[in-house]
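Chemist: Before I ask anything, let me first share the structure, which is written out below as structure tokens.
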Amino acid sequence: MDFEFSEEETLFREEIREYLTKNLRPMVPKIDESGIPRSFVKDASKLGIWAMPVSKDVGGQEASFIMSSIAAEEIARADFSMATVVMFLLESGWGYVLDKYGSKSIREEVLPRVTSGDWFLGIASTEPSGGSDIGNIKTRAIRENDKYVINGEKSYISGVLEAKDWGGGHLTLVRTSPNGNKGISMIYVPINEEGIEIAKINNMGRMGISSAIIRYNNVKIPAKNIVGEENKGFYQAMDGFNHARVLVSAACIGASEAIFDIGIEYLKNREAFGKKLKDFQSIAFEAADLKTRIEMARLLTYKAAWALDHEEKYKSEIPSLVAMTKMVGPQVAFDVVKSVMMWMGAYGYSKDALIEIAFRGIVSYIVGAEGALNIMRIIISKGIFG
Ligand SMILES: Cc1cc2nc3c(=O)[nH]c(=O)nc-3n(C[C@H](O)[C@H](O)[C@H](O)COP(=O)(O)OP(=O)(O)OC[C@H]3O[C@@H](n4cnc5c(N)ncnc54)[C@H](O)[C@@H]3O)c2cc1C
């Protein structure tokens, strides 16, 4: 067993940490106010970080999931509002799916524009009637000659306004047959198609990336935009969720570490009752517990990323391992942010401390983005009991 990152992985981490500390961290309040700047997205593409697992012939790096997890951790360490890393992990996870299952023509149309930072790529699965029960989705796609005609509605979809503004779209789960999980297909739907209406949702956090409702009124999409085989979309989506969920956890670890470091500096300097806060054992013990939990989550996350990199060998273990990772990472991050806010007292509650930005962003992963916690528990318990 070897717990060391390779030299290539270490150098990559150092390179992007330096770039992101300089170019992303100072923009966190601005991102929370008015979105991820286009200029940053374009400039950061020179690091090869957008949709980095995809094939080189469409502009990707063919990066391992260990490498993508390093990038997710570093992006969220810099932008702990979580907005930039949401864009990153959606494009990595769903870019991977489009690359793996999509036809040559749809891969070549979309992925070079995503890897260059020009277009946004996301996932549209959740519907107003619920997100956890994917096998029950109702949005319909009916094949008419060389087109699919789509009717229905998706909600809480990330990156809709970005795709509208920059270009791009979503891998969209649609019903092509009545057979539950076996009647779902995945189609790439550009957001600017005729018949699409969108309505912004006002979230409490990760304000730098939009969430919206998408309504499809007889939207005609070329049949070549189907990703993989008809009626196999559910299984492809599970593959994508496995990859995106590991990156969610890596992001939560990066944000935890950034906020923890801010908290530790505060404890070293702030005094009460004639001594530094760090010298109160109750506080030092809390810091010790949190540091241990971050490390536990980190080990689990990199184990899951490593298992995904050896998919054939660990196929049966991957769903549980990924679900454990997605369950633990966001909860650790939430607890870190909450404790640091308490350590800072009134200052922690103010916008000046920036902690509330992380608090609002991380909650998205507790309530459900990329899968609710109870759904992770269902996957893990299925692994235990069959
Ligand atoms: C900020 C944000 C961004 C998002 N971005 C996207 C996106 O880009 N694309 C997309 O498709 N979706 C997106 N979502 C939606 C997300 O995938 C859903 O929130 C998630 O799947 C849960 O669905 P739901 O919110 O409808 O909750 P529901 O499915 O209605 O579940 C509600 C509650 O019931 C619990 N529950 C459900 N079923 C069970 C069960 N069998 N046993 C026990 N408990 C259960 C859940 O754990 C949850 O706590 C986003 C959500 C958020 C918050």
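Chemist: Any idea what diffusion coefficient region 68-157 gets from Stokes-Einstein, in µm²/s, Kirkwood Rh on alpha carbon pairs, 10 °C, 1.306 mPa s? Walk me through the intermediate numbers first.
Modeler: Working: Rh = 15.3 Å.
D = 104 µm²/s.
Chemist: Oh, and also: Across region 161-168, in residue order, what do the Karplus-derived ³J(HN,Hα) couplings come to in whole Hz, using 6.51 cos²θ - 1.76 cosθ + 1.60 with θ = phi - 60° and x for Gly and Pro?
Modeler: Each residue of region 161-168 in turn: 5, 5, 4, 5, 7, 8, x, x Hz.
Chemist: Go through region 353-368 residue by residue and turn each phi into a ³J(HN,Hα) via Karplus (6.51, -1.76, 1.60, θ = phi - 60°); whole Hz please, and just put x for glycine and proline.
Modeler: Residue by residue, region 353-368 yields 6, 6, 5, 5, 5, 5, 4, 5, x, 5, 4, 4, 7, 7, 6, x Hz.
Chemist: Another question, if that's okay. From the C-alpha gyration tensor of region 233-385, pull out the three semi-axes of the equivalent ellipsoid (sqrt of 5λ each), sorted largest to smallest, in whole Å. Mind dumping the intermediate values first?
Modeler: Details: eigenvalues 236, 46, 27 Å².
They are 34, 15, 12 Å, listed from largest to smallest.
Chemist: Got the relative contact order for region 121-225 handy, in percent, Cα pairs under 8 Å and 6 or more residues apart?
Modeler: 33
Chemist: Further, regarding this structure: How big is the C-alpha Rg of the chain next to the rule-of-thumb value 2.2 N^0.38 Å, as a ratio? Walk me through the intermediate numbers first.
Modeler: Details: Rg = 20.8 Å, N = 386, 2.2 N^0.38 = 21.2 Å.
Normalised Rg, Cα atoms only: 0.98.
Chemist: If I take every Cα pair under 8 Å that is 6 or more residues apart in region 7-120, average their sequence separation and divide by the length, what percent do I get for the relative contact order? Write down the numbers at each step before the final one.
Modeler: Numbers: 128 pairs, mean separation 38.6, N = 114.
34 percent.
Chemist: List the residues, sorted by chain then number, that are 5 or more residues from SER155 or on another chain and whose placed amide H is less than 5 Å from its amide H.
Modeler: THR126, GLU127, ILE214
Chemist: Using r as the Cβ-Cβ distance of ALA288 and ASN374, and R0 as 30 Å, what FRET efficiency do you calculate, to the nearest 0.05?
Modeler: On the way: r = 30 Å, r/R0 = 0.99.
The computed FRET efficiency comes out at 0.50.
Chemist: Right, here's the next one. Please identify every one of the trypsin sites (Lys or Arg not before Pro) in region 305-352 that sits in a loop by DSSP and has no more than 14 other beta carbons within 10 Å of its own beta carbon. If you can, show how the numbers build up before the last one.
Modeler: Working: sites: LYS313, LYS315, LYS326, LYS338, LYS351; in loops: LYS315.
Those that pass, being in a loop and sparsely packed, are LYS315.
Chemist: In Å and on Cα atoms, what radius of gyration and Dmax does region 275-337 show?
Modeler: 15.7, 56
Chemist: Using the Kirkwood formula over every pair of different C-alpha atoms, what hydrodynamic radius in Å results for region 237-281?
Modeler: Values: mean 1/r = 0.0779 Å⁻¹.
So the Kirkwood estimate lands at 12.8 Å.
Chemist: What is the distance in Å between the Cα centroid of region 231-308 and that of region 311-386?
Modeler: After rounding, the separation between the Cα centres reads 9 Å.
Chemist: Provide the packing ranking of 300-310, 167-177, i.e. peptides ordered by the mean count of other C-beta atoms within 10 Å per residue, highest first. Present the calculation step by step, with values, prior to reporting the outcome.
Modeler: Details: 300-310: 21.1, 167-177: 22.9.
Ranking, from highest mean packing down: 167-177, 300-310.
Chemist: 5 Å is the cut-off here: which amide hydrogens, built 1.01 Å from N in the peptide plane, fall below it relative to ARG206, excluding neighbours closer than 5 in sequence?
Modeler: It is GLY361, by chain and number.
Chemist: List, in order, the whole-Hz ³J(HN,Hα) value for each residue of region 302-315 obtained from phi through the Karplus relation with A = 6.51, B = -1.76, C = 1.60 and θ = phi - 60°; use x for Gly and Pro.
Modeler: 6, 5, 5, 4, 5, 4, 5, 6, 10, 4, 4, 6, 10, 3
Chemist: Let me ask something else about it. Is the shape of region 121-225 rounded, prolate or oblate, going by the alpha carbon gyration tensor and its root eigenvalues a ≥ b ≥ c, with a/c under 1.5 for rounded and a/b larger than b/c for prolate? Mind showing how you got there, number by number?
Modeler: Working: a/c = 2.16, a/b = 1.33, b/c = 1.62.
It is oblate, given that a/c is not under 1.5 and a/b is not larger than b/c.
Chemist: Put +1 on the Cβ of every Lys and Arg and -1 on every Asp and Glu Cβ in region 233-385; which of PHE280, ALA258, VAL336 then has its Cα farthest towards the positive end of the dipole?
Modeler: My answer, from the dipole projection, is PHE280.
Chemist: Then there is this: Taking the Cα centre of region 233-385 as origin and charging only Cβ (+1 Lys, Arg; -1 Asp, Glu), how large is the dipole, in debye to the nearest 20?
Modeler: Details: 18 positive and 17 negative charges, 52 e Å.
It works out to roughly 240 debye.
Chemist: Taking the Cβ-Cβ separation of ALA272 and SER350 as r and a Förster radius of 25 Å, what is the calculated FRET efficiency to the nearest 0.05?
Modeler: Details: r = 18 Å, r/R0 = 0.72.
Working from the Cβ atoms, E equals 0.90.
All of the numbers you see were taken from the coordinates with simple rules; none came from a lab. Everything quoted here is computed from the prediction, not taken from an experiment. For neighbour counting, all protein chains shown are included, and Cβ atoms are generated from backbone atoms with ideal geometry for every residue, glycine included.
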